[in-house]
Structures are given as structure tokens and as C-alpha cells.
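In what follows, a single structure is set out as C-alpha cells and then discussed.
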Amino acid sequence: LNPRHSSHVIFQDSEHRIWIGTWGYGLTRLTDPYNMEKFAPVLYTHSDTDPHSLLDNIVYAIAQDRNTGKIWVGSRSGLSILNYVDNPSSFTNYTPENEKDKLPFNEVNSIICTNDRLMWLGMLGGGVCMVNTHRTPFRLDPLETVQKRYLTSSVRCIYQDDHEKFWLGIMGFGLIYYDRNTKTFIHYTEH
């Protein structure tokens, strides 16, 4: 699996899994590394036929995004972000060739998640990139279906029931029963 016994970089994630970046043999995850009876290596390697495999088998850096829990892997070809730990074919890859969200340089040789939960990438010849993966604390539901019917989305009061549906007081039109998942509503006169 790793004939050179290469361990170029080692990282322990928040679940206490050990990750080993190798020089030429990809990424290895040690499952249950502190229990020798259950200890097992899981390999993540590059495949030319799989665009969601690890970007490169030479791994420079490993870190974990504290906002998403995802593992970030820096290599000589760019950045690979592992979306699902149990799926070696679930990487999102970033390179200078990407049409959207491209890196300024391909060699990502250091990664850190700072105390303010920002991700920083150090690149050989490309400077430093900062990535903010914070989810904004507010998400807007513009109540488009309500707006279409009543030409307003002005909410005067709000109550959530046991079924996780909302009772909303719409200014000038009274009470509606709103399902935020389907974006549908029932006016109180239609109950």
C-alpha cells in the first residue's frame, strides 16, 4: 500500500481519527487508531478517471475546517476537500484551472484553521489565501408565495407550532399557516 512507508504529514481530527499524508501514495485515515483490535487503514488516492478522487498522491498538508468538519488536503496540484469521510470519491477539488473558485497557485503546502474559524492556505509561489466557511447567522425567506398573492411580505407576528409550521400575521391580510419547507401557505379564511 505504501512501499516507501512514507509519512510526510500527520493530523488528528476532532473525532480523534489520525490522517497521514504521504509522498506519492495519497492519504491514509486510521480508523480507531487507539484500539489495536479495530485498527484499520483507509486509503484515499488520486484516480485519473475519477474527478472526485484526491487531487494528487503527494500530500503536503492536512487540516479540518471547524465550521463544516470537513478535511482539507493540500497537495502539489491544489486543494482537495473531503465531503464524506467514508467515501474516498467525495472530494471537491480546487486548482488554478477551475472556472469558479480557482486558486491563485497549485501547490498548497500549508493549511490551518485559526481560532476565529477561518481557513488559511499557504501556497508555494502563490502567497496566502483566506477562506471564510462560516454560515451567516441569518437566512432570508422572502415569502415569495405570500408576496405574489398579497403584494406584501410584511410579517407582524410569528408563532411556530408543534409540527414546525408557522402561523404568520401578514400586515393587512390577517393570519396564514406557512410551511417553510414547501413554501406554501393557507390563509385563515381557507381553513
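The values are calculated or read from the model by the stated rules, or taken from the named source; none is laboratory data. All values derive from a computational prediction rather than experimental measurement. All Cβ positions, even for glycine, are placed from backbone atoms using ideal geometry, and neighbour counts span all protein chains on display. Accessible surface is based on the protein model in full, side chains and every heavy atom, while ligands, DNA and RNA are left aside. Shrake-Rupley method; radii C 1.70, N 1.55, O 1.52, S 1.80 Å.
Excluding ASP116 itself, what net charge comes from residues whose Cβ is under 15 Å from its Cβ, given Lys and Arg +1 and Asp and Glu -1?
+2
Would you mind pulling out the separation of the Cα centroids of the stretch 47-70 and the stretch 76-153, in Å?
Using only Cα atoms to place each centre, the spacing works out to 13 Å.
Grab the Cα-Cα distance for ASN115 and ILE10, subtract it from 0.36 nm times how many residues apart they are, and report the gain in nm with one decimal.
Difference between extended and current length: 35.8 nm.
What does the convex hull of the Cα atoms of the chain come to per residue, in Å³, rounded to a whole number?
199
Compute and list, largest first, the equivalent-ellipsoid semi-axes of the stretch 1-107 from the alpha carbon gyration tensor, each √(5λ) rounded to a whole angstrom.
23, 15, 12
If the elastic network links every pair of Cα atoms under 10 Å, which of ILE158, ILE111, ILE62 fluctuates the most in the Gaussian network model of the chain?
ILE158
Can you spot the lysines whose alpha carbon is less than 16 Å from LYS148's alpha carbon? Ignore those fewer than 8 places along the same chain.
Those lysines meeting the cut-off are LYS183.
Keeping the other protein chains in place, figure out the carbon and sulfur percent of the accessible area of the stretch 20-122, with a 1.4 Å probe.
50
Quote to one decimal, in nm, the extra length available between PHE138 and TYR159 on full extension: 0.36 nm per residue of separation minus the C-alpha distance between them.
Taking 0.36 nm per residue and subtracting the Cα distance, the gain is 5.8 nm.
Under the rule of -39500 (n - 2.57) per DSSP H run of 4 or more residues, summed and divided by the residues of the chain, what mean residue ellipticity at 222 nm is obtained, to the nearest 500 deg cm²/dmol?
-1000 deg cm²/dmol
Do any chymotrypsin sites (Phe, Trp or Tyr not before Pro) in the stretch 117-157 lie in a DSSP loop with no more than 13 other beta carbon atoms within 10 Å, and if so, which?
Hits after loop and neighbour filter: PHE138.
Obtain the radius of gyration and the Kirkwood radius of the stretch 116-191 from its C-alpha atoms and give Rg over Rh.
My calculation puts Rg/Rh at 1.31.
Using θ = phi - 60° and the Karplus form 6.51 cos²θ - 1.76 cosθ + 1.60, what ³J(HN,Hα) does each residue of the stretch 28-33 get, whole Hz, x for Gly and Pro?
Coupling constants for the stretch 28-33: 10, 10, 9, 7, 6, x Hz.
In whole Å and largest first, what semi-axes does the C-alpha gyration tensor of the stretch 82-148 yield when each eigenvalue is scaled by 5 and square-rooted?
31, 16, 15
Comparing ASP161, ASP141, ASP116, which has the greatest mean-square fluctuation in the GNM of the chain with Cα pairs linked when under 10 Å apart?
Residue with maximal mean-square fluctuation among ASP161, ASP141, ASP116: ASP161.
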